[in-house]
Amino acid sequence: QHSITANKLKAKTNNSSIDADLHLQYSSFKSLKDSMPFLIMNLDMGNVRIKNSDILYFNPQLIKQPFFKDKTNITTISGLVTGRVNNLKGKNLVIKTGNNTIVKTDFSISGLPEVKTAFFNFPHLKMTSGKRDIEMMAGPSIPKSIELPANINMQIVFKGSTKSFASTMGLNSSFGDAHLIATIDQKENFTSKVSMNGFDLSRLLKDTTICGPITLTALANGQGFDIKTIKARINA
């Protein structure tokens, strides 16, 4: 009446498999939709393996999304997710998909399911990917004016919401290395520091007449994101 528990859950199709422990707790099953933020979850994923074709079987409309164009793609997930939906915590989460994309992280997220106002904390997110997988996931949203590196390794720290946050990112790629520190507040005041070491900007912008590899350090402080009204001071 108030919970669902499945211990040592094992489910398998020809293409997908689930090996996990699951516990959901709620005030009543009837009011579950209206009280989703207060749903308590304890999900221990030993090994979840899902093929795109199986997801499309249940939701064919997803074929419109670039990620699901490849029906043979397999995604595996492992890790622990606990807490209320409006205050979730994740530990040892590992996601593998595409040709060589791997994401490893712990996290805490408060305020879901409202993504725009939720608060995210990723203290040490590591991601390995590359051109082929990013094109598969992002599709037409990638500008045609840029070329993606064949290989990308990122280490990210992110704390805040989609509009106000503090973040650092270290990037190693086949185009070169870069490091970014950025903070943005609710009033669109921002500070940032960017450093590049031998980064081949001409390959990124598909224009070999611009320059070769660049080594750069730049500091920026300002306010606003509208190109017509932005105010900023940049030292490079």
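The values are calculated or read from the model by the stated rules, or taken from the named source; none is laboratory data. Treat the numbers as computed from the prediction; the structure is a model and nothing was measured. As a convention, Cβ positions derive from the backbone with ideal geometry for all residues, glycine included, and neighbour counts pool all protein chains shown. Accessible surface is based on the protein model in full, side chains and every heavy atom, while ligands, DNA and RNA are left aside. Shrake-Rupley method; radii C 1.70, N 1.55, O 1.52, S 1.80 Å.
Does at least one position in the stretch 97-118 carry a residue that is at pLDDT 90 or above and under 25 Å from THR208 (Cα atoms)? No; the residues of the stretch 97-118 include none that is at pLDDT 90 or above and under 25 Å from THR208 (Cα atoms).
Condition first: buried (at least 16 other Cβ atoms within 10 Å of the Cβ), acidic (Asp, Glu) and without any contact (Cβ under 8 Å) to a residue 60 or more places away in the chain. Can you find one or more residues in the stretch 98-120 that meet it? Yes, because at least one residue in the stretch 98-120 is buried (at least 16 other Cβ atoms within 10 Å of the Cβ), acidic (Asp, Glu) and without any contact (Cβ under 8 Å) to a residue 60 or more places away in the chain.
If the condition is being open to solvent by less than 50 Å² (accessible area, probe 1.4 Å) and in a loop (DSSP other than H, G, I, E, B), then the stretch 32-43 contributes LEU32, SER35, LEU39.
Each residue in the stretch 1-17 was checked for being assigned to a strand (DSSP E or B), polar (S, T, N, Q) and over 26 Å from the mean Cα position of the chain (by Cα), and 3 pass. The residues of the stretch 103-143 that are aliphatic (A, V, I, L, M) and closer than 25 Å to ASN42 by Cβ, listed by number, are VAL103, ILE109, LEU112, VAL115, ALA118, LEU125.
Each row is one residue, and each column tells you yes or no for (1) under 21 Å from PHE119 (Cα atoms); (2) open to solvent by 40 Å² or more (accessible area, probe 1.4 Å).
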{"residue": "LYS159", "(1), (2)": "yes, yes"}
{"residue": "PHE190", "(1), (2)": "yes, no"}
{"residue": "SER202", "(1), (2)": "no, no"}
{"residue": "THR208", "(1), (2)": "no, yes"}
{"residue": "GLY212", "(1), (2)": "no, no"}
{"residue": "THR217", "(1), (2)": "no, yes"}
{"residue": "ALA232", "(1), (2)": "no, yes"}
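Within the stretch 140-191, the set of residues being among the small types (Gly, Ala, Ser) and touching a Ser or Thr at 6+ places or on another chain (Cβ under 8 Å) comprises ALA150, GLY160, SER161, ALA166, SER167, ALA178, ALA182.
Taking strands (runs of 3 or more DSSP E) as the structural unit, those lying wholly within the stretch 88-168 and holding at least 1 residues that are in contact with a Pro (Cβ under 9 Å, 6 or more places away or on another chain) and of a type in the set (Val, Ile, Thr) correspond to 101-110, 152-160. Cβ separations smaller than 9 Å between residues 6+ apart or across chains give the following pairs from the stretch 167-181 residues that are at pLDDT 95 or above to residues that are part of a strand (DSSP E or B) and among the basic types (Lys, Arg): SER167/LYS159; HIS179/LYS193; LEU180/LYS193; ILE181/LYS193. Could you look through the stretch 182-223, keep only residues that are in a strand (DSSP E or B) and of a type in the set (D, E, K, R), and pick out the one that is modelled with the highest pLDDT? Out of the qualifying residues, it is LYS193. Reported count of residues in the stretch 132-145, each being open to solvent by 50 Å² or more (accessible area, probe 1.4 Å) and either touching a residue at least 40 places away in the same chain (Cβ under 8 Å) or in contact with a helix residue (DSSP H, G or I) (Cβ under 9 Å, 6 or more places away or on another chain) (or both), is 5.
Applying a threshold of 8 Å to beta carbon distances and a minimum spacing of six or more residues, or different chains, the list of pairs starting in the stretch 18-31 at a residue that is touching a residue at least 12 places away in the same chain (Cβ under 8 Å) and assigned to a loop (DSSP other than H, G, I, E, B) and ending at one that is open to solvent by less than 70 Å² (accessible area, probe 1.4 Å) and aliphatic (A, V, I, L, M) reads TYR26/LEU32; TYR26/LEU39; TYR26/ILE40.
One residue stands out in the stretch 44-73 among those that are polar (S, T, N, Q) and under 19 Å from the mean Cα position of the chain (by Cα): the one that is surrounded by the fewest Cβ atoms within 10 Å (Cβ to Cβ), namely GLN65. Restricting the stretch 66-87 to residues that are without any contact (Cβ under 8 Å) to a residue 40 or more places away in the chain and either aliphatic (A, V, I, L, M) or not in a strand (DSSP E or B) (or both) leaves a set whose member that is farthest from LYS131 (Cα to Cα) is LEU80.
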